[in-house]
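In what follows, a structure is listed as structure tokens, so that the remarks can point back to it.
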Amino acid sequence: MRSGISPLRERFTIAHELGHIELAWHVGTVDCQVDSLALGEEFSNTQSEGGRQEREANEFASRLLAPDRWLSPLVSGRQAFDGADMRDVLAELAVAQMSALAGVIALSRHLLPGHAFFVGEGFAISRGTAWPGRPPLSSGEVKSYIDSADTVEEFTHQGRRIVWAHTKMGDDSSTIATATSDSRTAHQVLVACCTRVFGSPEAADKAAKSINGVVGGVTNEVSLPWNVAAIVTVVRQRIQKHDHISAVLRDDEFILYLTKRAQSIVDRRAAAQESGSSSG
């Protein structure tokens, strides 16, 4: 271990190296020099094999120091945050004794779209949140991002200054009203969209199955308090990354499908929770 690093940094480095040991496919293949890197670089998106293994070791360290079963209850049930809420969550997060950036990266896994944290030149964002740029960020990039946010607060966490910027999801009330008044099922709307975009019934059916898979993959994290706007935002972002189905986003009725599907997921989970509470 390199001398002179902070205790918080040392804990993360040890957990990172343990990840290389515990992840069997890393053994004998990794030449890790984690101490020579800044934390933001460790969490970078490099696509090399070594970069992938470093990200996996960081993920292991993050989940070891701030386990999901401990971190999730800190934010579960919160549909919205204000400054006081986030200050309370960060105070609880400090118990994990992680550096400021590593801590908010872990926290971001449990937040709905719209949350961004800036720590120096590094940042962490919740899933479905627009990227502010590639680290290291310039002061201009950070300012431009926070200027467009709905809520901005500053905190001191683990001795570092953190800027939290929260952007609300769009008001989906009118789209929900349209979806409710439309008598078609979500699947019928999706098939119509895919037929218009992809042409043949075979291509449309294949695309529809892929899109349904994306929706299911996004919302399988049952601990998150998903709402309609959050589901729509994340699914749109994920589909945009899939070249073979991204063209469907141009169809005018695709937002109608997303809203119907998202509303059904929210309603189904609410009913399941109510049933569970009644039986308990």
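The values are calculated or read from the model by the stated rules, or taken from the named source; none is laboratory data. This structure is a prediction, so every number in the text was calculated from the model and none was measured. Neighbour counts run over all protein chains shown; Cβ positions are idealised from the backbone, glycine included.
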Hits in region 240-261 - residues which are at pLDDT below 90 and either part of a helix (DSSP H, G or I) or buried (at least 19 other Cβ atoms within 10 Å of the Cβ) (or both): 240
Residues located in region 71-84, provided they are in a helix (DSSP H, G or I) and surrounded by 13 or more Cβ atoms within 10 Å (Cβ to Cβ): 71, 72, 74, 75, 83
Residues within region 100-112 that are surrounded by fewer than 24 Cβ atoms within 10 Å (Cβ to Cβ) and within 18 Å of residue 228 (Cα to Cα), tallied: 1
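Residue-by-condition table, conditions (1) within 30 Å of residue 84 (Cβ to Cβ); (2) modelled with pLDDT under 95; (3) part of a strand (DSSP E or B):
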residue	(1), (2), (3)
155	yes, no, yes
165	yes, yes, yes
170	yes, yes, no
176	yes, yes, no
179	no, yes, no
183	no, yes, no
191	no, no, no
194	no, no, no
197	no, no, no
Breaking point among (1) crowded, with 18+ Cβ neighbours inside 10 Å; (2) more than 14 Å from the chain's Cα centre (by Cα); (3) outside any loop (DSSP other than H, G, I, E, B), for residue 123: (2)
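Each row is one residue, and each column tells you yes or no for (1) farther than 26 Å from residue 232 by Cβ; (2) touching a Leu at 6+ places or on another chain (Cβ under 8 Å); (3) of a type in the set (S, T, N, Q); (4) free of Cβ contacts under 8 Å to residues at least 40 places away in the same chain.
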| residue | (1), (2), (3), (4) |
| --- | --- |
| 131 | no, no, no, yes |
| 135 | yes, no, no, no |
| 138 | yes, no, yes, yes |
| 179 | no, yes, no, no |
| 183 | no, no, yes, yes |
| 187 | no, no, no, yes |
| 195 | no, no, yes, yes |
| 199 | no, no, no, yes |
